[in-house]
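*Asks:* I am attaching a structure below and will ask some questions about it afterwards.
The values are calculated or read from the model by the stated rules, or taken from the named source; none is laboratory data. Not measured: the values here are computed from a predicted model. Glycine gets a Cβ as well: all are built from the backbone with ideal geometry, and neighbour counts include every protein chain shown.
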Amino acid sequence: MGLNGQLISIIDLHTHSSASDGRLTPAQLAHAAADAGVECLALTDHDSTAGLAAARSAALQRGLRFINGVEISVTWQARSLHMVGLGIDPQAPMLRRGLLELQAKRRTRAQAIAGKLEKLGVKNAYAQAEQAADGGQITRTHFARLLIQAGLCQTMQQCFKRYLKPGKPGYTRVEWAELEQAIDWIHTADGVAVLAHPLAYGMTSAWRARMFRAFVHSGGDAVEVHCGASSPAQVQLSAKEANEHKLLGSVGSDFHGPEQRWLKLGRVLTLPATVAPVWSHPRLREDYPKP
Ligand code: AMP
Ligand code: MN
Ligand code: MN
Ligand code: MN
């Protein structure tokens, strides 16, 4: 690793397990990552740290470096943003309390969404979603899968576009955490705050600049520069914006499961040499691959 700052080992700092909307259990995810050649893995489930212990133990068995992570739901300017926390202590009291609140909001929202989808013809939507989540967080992904099973949509994309996005009949608004709050929870848990997938919010560049300023003003540390299936042009744009706002850069697949055929664990995610990597942050260094 480390050639001109160019990333050559396989580092994946954004993934999901069955503790939220991923298909694999935390241990299966760690094994799949090891099989795919990942050397350093962070598990970042939506509003939950429940999978970390099992993922860590499997990752260590396979000789992977493992970083504790979480992806916190935030409402900023009436929009949903995602904050990834890396290197967090899941026992830290503020973070724990904050995530418990978000989990309660998720349950209330899931009941509301289920009620709406039942009217649209999905039978027993809440019970089915709860069963599919199997003790993990219920997300819109679970409802999207139900819509497909019920034959109301063919693809996940369609489910969100027709039913689950703001303005659509299955959508239910939630006030998630505030931006400053989420960053404080991450920092008081000794973690590093990363703005997830900045190009996935459908913002104009002016709105993005506002978001970056608010994130930096609230103490944010890093931004995802290469996430999921980012194109080279998107990576370049995010690298430029990371530098403009003096943020470190992170990389992650946002892997949810093998059914996302366009998105693989273990893809080499590159961070342009101009961006300082988030893994150089003092709070993460010890968890990172030895030189
Ligand atoms: P939630 O946090 O419960 O609102 O669910 C958000 C999750 O839904 C995201 O993390 C994605 O995994 C998934 N998602 C959102 N939009 C789409 C989309 N257009 N296609 C597929 N999955 C999506
Ligand atoms: Mn997700
Ligand atoms: Mn996200
Ligand atoms: Mn994610």
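*Asks:* Across region 180-216, what is the total count of residues that are of a type in the set (Phe, Trp, Tyr) and over 19 Å from Val251 (Cα atoms)?
*Replies:* Count: 2.
*Asks:* Which one is surrounded by the fewest Cβ atoms within 10 Å (Cβ to Cβ) among residues in region 247-269 that are under 16 Å from the mean Cα position of the chain (by Cα) and modelled with pLDDT under 80?
*Replies:* By that ranking, first place goes to Lys264.
*Asks:* Here's something else I'd like to know. Got at least one residue in region 168-176 being buried (at least 16 other Cβ atoms within 10 Å of the Cβ), within 17 Å of the chain's Cα centre (by Cα) and either within 13 Å of Ser73 (Cα to Cα) or touching a residue at least 60 places away in the same chain (Cβ under 8 Å) (or both)? Quick ask: steps written out before the conclusion?
*Replies:* The first filter runs over region 168-176 and keeps only residues buried (at least 16 other Cβ atoms within 10 Å of the Cβ), leaving 170-172, 176.
Filter again for within 17 Å of the chain's Cα centre (by Cα), leaving 176.
Okay, now just the ones that are also either within 13 Å of Ser73 (Cα to Cα) or touching a residue at least 60 places away in the same chain (Cβ under 8 Å) (or both), so 176.
Within region 168-176 (the criterion being buried (at least 16 other Cβ atoms within 10 Å of the Cβ), within 17 Å of the chain's Cα centre (by Cα) and either within 13 Å of Ser73 (Cα to Cα) or touching a residue at least 60 places away in the same chain (Cβ under 8 Å) (or both)), the answer is yes, since at least one residue qualifies.
*Asks:* State yes or no: is Leu164 at pLDDT 95 or above, crowded, with 18+ Cβ neighbours inside 10 Å and more than 14 Å from ligand 2 (Cβ to nearest atom)? Break it down into steps so the answer makes sense when it comes.
*Replies:* Numbers: at pLDDT 95 or above: yes; crowded, with 18+ Cβ neighbours inside 10 Å: yes; more than 14 Å from ligand 2 (Cβ to nearest atom): no.
So Leu164 fails the test.
*Asks:* Pairs needed: first member in region 9-32, part of a helix (DSSP H, G or I) and surrounded by fewer than 24 Cβ atoms within 10 Å (Cβ to Cβ); second member anywhere, modelled with pLDDT under 95 and of a type outside the set (S, T, N, Q); C-beta distance under 7 Å; at least 6 residues apart or different chains.
*Replies:* Going by the 7 Å Cβ cut-off, the qualifying pairs are Ala32/Leu265.
*Asks:* Could you tell me whether Gln103 is surrounded by fewer than 20 Cβ atoms within 10 Å (Cβ to Cβ), within 16 Å of ligand 2 (Cβ to nearest atom), free of Cβ contacts under 8 Å to residues at least 60 places away in the same chain and not in a strand (DSSP E or B)?
*Replies:* For Gln103, the condition - surrounded by fewer than 20 Cβ atoms within 10 Å (Cβ to Cβ), within 16 Å of ligand 2 (Cβ to nearest atom), free of Cβ contacts under 8 Å to residues at least 60 places away in the same chain and not in a strand (DSSP E or B) - is met.
*Asks:* Here is a further query. Could you list, ordered by first residue, the pairs with Cβ atoms under 8 Å in which the first is in region 245-265 and touching a residue at least 40 places away in the same chain (Cβ under 8 Å) and over 27 Å from Thr155 (Cβ atoms) and the second is within 16 Å of ligand 2 (Cβ to nearest atom) and part of a loop (DSSP other than H, G, I, E, B), at least 6 apart or interchain?
*Replies:* Pairs that qualify, where the first residue is touching a residue at least 40 places away in the same chain (Cβ under 8 Å) and over 27 Å from Thr155 (Cβ atoms) and the partner is within 16 Å of ligand 2 (Cβ to nearest atom) and part of a loop (DSSP other than H, G, I, E, B), are Ser250/Leu13; Ser250/His14.
*Asks:* Shifting gears a bit: Provide a single number: the residues in region 73-82 that are over 16 Å from Leu199 (Cβ atoms) and within 10 Å of ligand 3 (Cβ to nearest atom).
*Replies:* 1
*Asks:* Considering Ala112, Ala78, which residue is more than 16 Å from Asp45 (Cβ to Cβ), surrounded by fewer than 21 Cβ atoms within 10 Å (Cβ to Cβ) and free of Cβ contacts under 8 Å to residues at least 24 places away in the same chain?
*Replies:* Sole residue among the options that is more than 16 Å from Asp45 (Cβ to Cβ), surrounded by fewer than 21 Cβ atoms within 10 Å (Cβ to Cβ) and free of Cβ contacts under 8 Å to residues at least 24 places away in the same chain: Ala78.
*Asks:* Right, something else. Working only within region 135-161, note down all residues that are surrounded by fewer than 22 Cβ atoms within 10 Å (Cβ to Cβ), within 14 Å of ligand 2 (Cβ to nearest atom) and among the charged types (D, E, K, R).
*Replies:* Passing the criteria: only Arg145.
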